[in-house]
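Peer 1: I have a structure I would like to understand better, so I am pasting it below and will then ask my questions one at a time.
What follows is calculated from the coordinates using simple rules that are stated; it is not laboratory data. From a predicted model like this one, the values you see are computed outputs, not experimental measurements. Note that we place each Cβ from the backbone using ideal geometry, even for glycine, and neighbour counts take in every protein chain shown.
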Amino acid sequence: MSLFKRKEKNKYEGTFVDSRLSHIAFIMDGNGRWAKRRGMPREYGHSVGAKVFKRVSEYCGDIGIKHVTVYAFSTENWKRPQKEVNAIMKLLEQYLFEALDTLAEKNVQIHFIGDRSILSEKLISLMDKVEKESACNEKILNIAINYGGKDDIVHAVNNALKGGKTSISEKDIDNNLYTAHSPSPDLIVRTGGDYRISNFLIWQSAYSEFIFTPKLWPELNEADIDNFVREFYTRQRRYGGL
Ligand code: FPP
C-alpha cells in the first residue's frame, strides 16, 4: 500500500522527503515487453507507459521531490521502426496539450532536455509554449527528448567555448548542460531489469545512487516509489570521502 493516499496529498505534501532527495530520475524501460506479454503491439505499452509517467511524476512531486527527470526518447531511439517513433511523439504531444491546462494547478514547470532542433515544427512550438507557460511554477519536471548524455556534454562544451575561452572547467560544463537549472540527480531508478545507464545523464550521475528494478515501467506504482525512497535513505553517500 502507498504511504500516502493520493487524495491526502495536500496534507502530506513536502513532509516525506527532505533535501537529501531533491532530484529523482527515471529510465522508463520495459514498455515494449509489457505489451508483448499481453499479445499487444509495443505502441500499446508506450501509451500505458505515458499514463504511468504522469502518475509517477505527479506522485514524486506530491511527496516533496522538487526535481523529476524522465528519459522519454534517446538520441539512439530513432533506430526504432517509424511507427513506434511516431507513436511516442504523438503521446508526448497529447501529454503536452493536457499539461497546458493542469501545470499551473500542480505547480510544475516543464523543461525539455536534449536536442529539439530535429523534431517536427509542430512539436517544437508546443514544447516552447509549455516551457514558457509553466516557467513561473516551482516544481521541475525535465523530459528528455532526443537526449543523449554524450551529446549533452558536447553541447555544453561548445556552448562554454562560445564566449572565446580556450579551456573550460567542470563548472563551465555544469553551467551549460541541458539540466543546468537542476541539481545532479540524487537517485536514478531504472525499470525493466537491465543494469546500465544507456547514455542518460552520464555527467550528472557521477555521484547518484542507483536502483534497478525488474519491474517493467507500466507496472510501476506509488508503493514502488515509497520503497525506492526508503531504500535511498538507507544509502550512505560519501562522495569519495570517508
Ligand atoms: C523504453 O521501453 C521506453 C521508451 C523508449 C519510451 C518511453 C516513453 C514513454 C514512457 C511514453 C511517452 C512519454 C511521455 C513523456 C508522454 P522499451 O520500449 O525499450 O521497452 P522494452 O525494453 O521492453 O522493449
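Peer 1: Using the structure shown, select from K36/K122; K36/K83; K54/K90; K90/K122; K66/K171; K90/K139 the pairs with a Cα to Cα distance greater than 19 angstrom.
Peer 2: Pairs exceeding the cut-off: K36/K122; K66/K171; K90/K139.
Peer 1: For the chain, return all DSSP H helices satisfying: extent of Cα atoms along own axis at least 24 Å; mean Kyte-Doolittle hydropathy at least 1.6.
Peer 2: Correct list, ordered by number: empty.
Peer 1: While we're here: Round to a whole angstrom and tell me the spacing of the C-alpha centers of region 180-242 and region 92-133.
Peer 2: Each part reduced to its Cα centre gives a spacing of 25 Å.
Peer 1: Go through W217, P185, L21 and say which Cα lies farthest out towards the positive end of the charge dipole of the chain; charges sit on Cβ, +1 for Lys and Arg, -1 for Asp and Glu.
Peer 2: W217
Peer 1: While we're on this one: Starting with the fewest neighbours, write out V157, V68, V52 ranked by other beta-carbon atoms found within 10 Å of each beta-carbon.
Peer 2: V157, V52, V68
Peer 1: Identify all aspartates and glutamates with a Cα-Cα distance to K129 below 19 Å; exclude those on the same chain that are fewer than 8 residues away in sequence.
Peer 2: Within reach: E93, E98, D101, E105, D115, E121, E138.
Peer 1: With point charges of +1 on the Cβ of Lys and Arg and -1 on the Cβ of Asp and Glu, referenced to the Cα centre of the chain, which listed residue (Y195, S74, L161) lies farthest in the positive direction of the dipole?
Peer 2: The listed residue farthest towards the positive side: Y195.
Peer 1: Shape verdict for the chain, please, from the Cα gyration tensor: rounded (a/c under 1.5), prolate (a/b greater than b/c) or oblate.
Peer 2: In terms of gyration-tensor shape, rounded.
Peer 1: While we're on this one: Please check the chain for the longest run free of trypsin sites (Lys or Arg not before Pro) that are loop-located per DSSP (anything but H, G, I, E, B) and have at most 13 other Cβ atoms within 10 Å.
Peer 2: Counting at most 13 other Cβ atoms within 10 Å as exposed, the longest clean stretch of the chain is 39-161.
Peer 1: Using unit Cβ charges (K, R positive; D, E negative) and no other charged atoms, how large, in debye to the nearest 20, is the dipole of region 137-201 about its Cα centre?
Peer 2: 120
Peer 1: Let me know the charge dipole size of the chain about its Cα centre in debye, to the nearest 20, where only the beta-carbon of Lys, Arg (+1) and Asp, Glu (-1) is charged.
Peer 2: Using only the charged Cβ atoms, the result is roughly 600 debye.
Peer 1: Taking the Cβ of each residue in V70, V85, V154 as the centre, tally the other Cβ atoms inside 10 Å and list the residues starting with the fewest.
Peer 2: Ordered from fewest to most neighbouring Cβ atoms within 10 Å, V70, V85, V154 come out as V154, V85, V70.
Peer 1: Here's something else I'd like to know. When Lys and Arg each count +1 and Asp and Glu each count -1, what net charge do the other residues less than 15 Å away from H155, Cβ to Cβ, add up to?
Peer 2: -2
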